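Undergrad: One structure follows; several queries about it will come next.
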Amino acid sequence: MTSLAGAKGAAVPPPPVAAKKSVVDTYHGVKVDDPYQWLEKKIDDPEVRQWVDGQTAHMRAVLDKLPSREAIRARLSALLNHESAAHFAMVQRGGVLFSLKFQPPRQQFMLVVLPSVDDPSTARVLLDPMELDPSGHTAIDFFVPSLDGKKVAVSLSKDGTESGDVTVYDVATGKPLPGEVVPRVNGGTAGGDLTWNADGTGFFYTRYPRGEERPAADRDFFQQVYFHKLGTPTDKDTYELGKDAPRIANYQLKTSEDGTHVLAILGNGDGGEYAVYLRGPQGTWTQLSKFEDKVIYASFGQDGALYMLSRKDAPRGKVLRLPLATPSLEKATVLIPEGQASIAGFRPTATRLYVNEQLGGPSQVRMVGLDGKDLGLVPTPPVSSVGGVVYLGGDDVLVSSGSYTEPSSVYRYGAKDGKLAKTALGRTSPMDTSNVVVDRVMCTSKDGTQVPLNILHAKGARLNGNNPTLLTGYGGFGLSLSPGFSPLNFAFIEQGGVVAIANLRGGSEFGEEWHTQGSLTQKQNVFDDFHACAKLLVDKKWTKPQRLAIQGGSNGGLLMGAALTQHPELYRTVLAHVGIYDMLRVELTPNGQFNTTEYGTVKDPAQFQAMYDYSPYHHVKDGVKYPSVLFTSGENDPRVDPFHSRKMVARLQAATGSKRPVLLRTNNMGHGMGTPLSEAIEEEVDVYAFLFNELGMKYRPVSGKVASPTPK
């Protein structure tokens with residue numbers, strides 16, 4: 001049972017004790033106790049509500065007493081409210097450049113039109129969610145302009161639910177078209193997408209079951225593709241594709257530049273399996289690939305061809321070219337064979353492909369002619385994250401590039417002169433980061449695999465085994481952790497801390513093999529990789545267990561749960577955000593079913609055993625001295641049900657043999673998407689005040705430049 005005094009000495013009321021209720025589930029003959037299963041009930045259940053409210057009161061009593069809270073709030077507010085604007089998700093249609101714009105201290109990002117990439121002041125706001133909802137709880141999920149750039153369809157959702165309705169706006173006036181609202185195109189399970197027809201009179205979109213079409217339990221599933229004609233009621237929309245698709249289907253949709261063809265990429269849940277369909281000029285759909293063909297991405301060229309990224313017999317990827325006139329996979333030819341780098345995606349232009357290559361974390365963009373000839377690299381900075389290729393016409397593009405120490409900037413690349421010119425769209429840093437060094441080292445995992453670890457620290461940091469250190473990772477769903485700028489990293493470094501970011505298996509840093517080695521029955525490899533990174537930080541005298549904190553969210557929250565139950569002695573404190581902790585019950589939630597292609601299912605004996613072997617909730621042991629933990633969750637989270645955090649907190653509080661706090665911070669938003677800036681800052685104030693206190697870091701005022709470590 002946790003008990004503690006507040007940081008300023010006053011007694012803190014203990015957290016409410018969760019009742020243990022005898023429940024035993026049986027899987028393949030294995031009996032599993034689940035005494036806190038009652039915490040899976042919805043938040044409006046009186047008993048659950050009372051327990052959560054008690055946890056919130058306890059959490060606030062602890063966190064509100066922590067030292068230097070106001071100084072930490074002032075610093076984080078200054079960093080995260082830095083007024084330099086970010087532009088992202090850019091796309092050009094009909095000569096009009098659209099972009100999402102994040103302009104602190106605005107609570108949500110806006111949709112803008114950019115007449116000039118060299119003068120952001122000319123941007124015209126098309127849609128500001130704050131004008132629709134001053135509370136800041138309405139957010140843009142996605143937007144898609146028509147091919148002529150005269151209309152734009154925007155999905156908007158509330159309170160972090162990601163349940164988005166699409167409204168169509170006139171680009172010239174910024175006003176919504178009367179009556180053009182299509183309900184629930186986007187969701188927190190299968191996501192959502194749409195793409196316009198040739199003349200902008202309608203669009204193809206992802207449709208979830210409506211009304212009584214399916215039982216309530218099925219309404220987050222069975223996504224299909226429908227067509228909506230402007231000016232007609234949505235109940236008259238016509239079916240296009242998906243009746244035979246899996247329950248956990250999700251779609252990406254694209255239209256060719258001439259509007260003659262439509263592409264639908266069907267995803268089988270979240271595990272990285274895709275099938276590709278093509279709608280021809282006659283309005284009929286042809287299946288181009290099946291899941292087993294391992295085509296994971298496709299894009300229309302301007303030469304009458306479809307370009308596809310395949311991992312069939314090529315785990316790092318190869319690019320195929322398929323003439324639209326002969327839409328059969330057997331007619332495809334290899335344009336770019338598999339190489340040493342992992343191909344993450346590409347963008348066709350008039351005479352070439354811009355290919356994004358993943359290099360184990362950092363990335364680069366290679367140019368390849370339509371004849372397959374290597375045209376060299378776009379000259380972006382080394383050890384950076386490069387992406388967001390935006391077609392401008394001909395072979396000219398915009399690319400974004402950033403690093404651990406430099407915010408993302410947007411560059412214009414001119415194909416004729418081969419020069420990269422920085423535009424005015426990049427963000428500036430809220431502090432001087434010139435004093436920070438990034439070391440990239442390799443850690444040896446349990447099975448001998450070499451795992452990259454990126455260590456950020458101030459120049460002059462001493463290897464004395466005493467640096468407060470924050471280690472993070474993710475390791476799942478084929479998502480690569482590429483270098484990215486985070487002011488929060490520097491808020492820690494400027495206090496004498498070290499930040500370490502691990503490129504674990506489960507991501508795609510080295511291609512599909514790297515992903516599969518960290519998924520399904522091989523998921524334990526991810527946790528072993530993370531342990532190897534933590535061990536290196538201790539063994540090389542960067543830190544010691546008493547000064548080592550770890551942080552992760554979502555699938556990275558699962559990583560936190562596994563780390564603290566498998567190696568509690570190695571960590572002083574754990575920051576676990578919106579995580580999954582009960583691997584045997586996750587698939588009973590809507591999005592948990594989409595996750596089965598990544599994690600596995602308890603219906604399969606081998607997959608059940610693998611998940612049971614590492615499931616954090618089931619490996620909490622009575623009397624073990626666990627590190628302090630701050631769990632965060634969202635009541636409206638559509639991706640990870642907050643019951644995971646509730647059950648894990650209840651179990652840890654009852655079991656731990658240490659007096660270190662186990663706290664639950666619950667907000668009224670979702671998985672993080674759509675959270676207003678001010679609420680995000682308040683959560684980070686709690687997280688960092690807790691982190692500094694647990695690692696014994698006395699907060700020092702900061703002038704703006706990242707400080708060198710104080711000599712010890």
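Undergrad: Tell me the relative contact order for region 603-712 as a rounded percent, counting alpha carbon contacts under 8 Å between residues six or more apart.
TA: 27 percent
Undergrad: How much of the accessible area of region 215-337, probe 1.4 Å, is carbon plus sulfur, in whole percent?
TA: Carbon and sulfur atoms account for 49 percent of the accessible area of region 215-337.
Undergrad: Just to verify a number: what accessible area does Asp303 come out at with the full protein assembly present, 1.4 Å probe, Å² rounded to tens?
TA: Here the accessible area works out near 50 Å².
Undergrad: Something else about it: For Lys243 and Val17, compute 0.36 nm times the residue count separating them, minus their Cα-Cα distance, and round to one decimal in nm.
TA: Extending this stretch completely gives an extra 76.6 nm.
Undergrad: Extending each Cα 7 Å along its Cβ direction at Asp199 and Ala57, get the distance between those two points in nm, one decimal.
TA: About 6.6 nm, to one decimal.
Undergrad: How long is the gain from Tyr27 to Ser434 if the chain were fully straight, where each residue apart is worth 0.36 nm and the alpha carbon distance is subtracted?
TA: Contour length minus the Cα-Cα distance gives 141.0 nm.
Undergrad: Still on this structure, please answer the following. As a test question: what accessible area, to the nearest 10 Å², does Thr333 have when a 1.4 Å probe is rolled over all protein chains in place?
TA: 80 Å²
Undergrad: Estimate the FRET efficiency between Glu569 and Lys541 by the formula 1/(1 + (r/R0)^6), using the beta-carbon distance for r and 22 Å for R0, to the nearest 0.05.
TA: Using R0 = 22 Å, I get an efficiency of 0.75.
Undergrad: Calculate the spin-label point distance for Glu330 paired with Ile43, positioning each point 7 Å from the Cα along the beta-carbon direction, and give it in nanometres.
TA: 5.5 nm
Undergrad: Residues of region 26-58 with the amide nitrogen closer than 20 Å to a label point 7 Å from the Cα of Thr601, along Cα-to-Cβ, please.
TA: From region 26-58, the list is 26-30.
Undergrad: Round to the nearest 10 and give me the degree value, 0 to 90, for the angle of helix 605-614's Cα axis relative to the longest principal axis of the chain.
TA: The angle comes out at about 50 degrees.
Undergrad: If you count the DSSP beta bridges with both ends in the chain, what percent of them are antiparallel, to the nearest 5?
TA: If I count the DSSP bridges inside the chain, around 85 percent turn out antiparallel.
Undergrad: Also, quick follow-up: From the cross-link list Lys621/Lys659; Lys42/Lys65; Lys243/Lys331; Lys65/Lys541, which pairs have alpha carbons spaced over 21 Å apart?
TA: Lys42/Lys65; Lys243/Lys331; Lys65/Lys541
Undergrad: Counting only heavy atoms of the protein chains, get the accessible area per residue of the chain (1.4 Å probe) and round it to a whole Å² value.
TA: 38 Å²
Undergrad: In whole percent, what relative contact order does the chain give with Cα contacts below 8 Å and a gap of six or more residues?
TA: Relative contact order comes out at 12 percent.
Undergrad: Between Glu513 and Ser135, 0.36 nm times their residue separation minus their Cα-Cα distance comes to what?
TA: 131.6 nm
Undergrad: Which angle between 0 and 90 degrees, to the nearest 10, do you get for helix 69-80 versus the longest principal axis of the chain when only C-alpha atoms count?
TA: Long axis of 69-80 versus the principal axis of the chain: about 10 degrees.
Undergrad: Give the calculated FRET efficiency between Thr521 and Asp303 to the nearest 0.05, with a Förster radius of 35 Å applied to their Cβ-Cβ distance.
TA: 0.25
Undergrad: At a Cα cut-off below 20 Å, give the lysines reachable from Lys229, other chains included and same-chain residues fewer than 8 away excluded.
TA: The qualifying lysines are Lys150, Lys151, Lys175, Lys254.
Undergrad: Taking a label point 7 Å from the Cα of Lys229 along the Cα→Cβ vector, which residues of region 271-289 have an amide N closer than 20 Å to it?
TA: So the set is 279-285.
Undergrad: Compute the acute angle (0 to 90°) between the alpha-carbon long axis of helix 555-566 and the principal axis of greatest extent of the alpha-carbon atoms of the chain; round to the nearest 10°.
TA: Helix 555-566 sits at roughly 30 degrees to that axis.
The values are calculated or read from the model by the stated rules, or taken from the named source; none is laboratory data. Source: prediction; values computed, not measured. So basically every Cβ, Gly included, is an ideal-geometry build from the backbone, and we count neighbours across all protein chains shown. Surface accessibility is based on the protein's heavy atoms, side chains included, excluding ligands, DNA and RNA. Shrake-Rupley method; radii C 1.70, N 1.55, O 1.52, S 1.80 Å.
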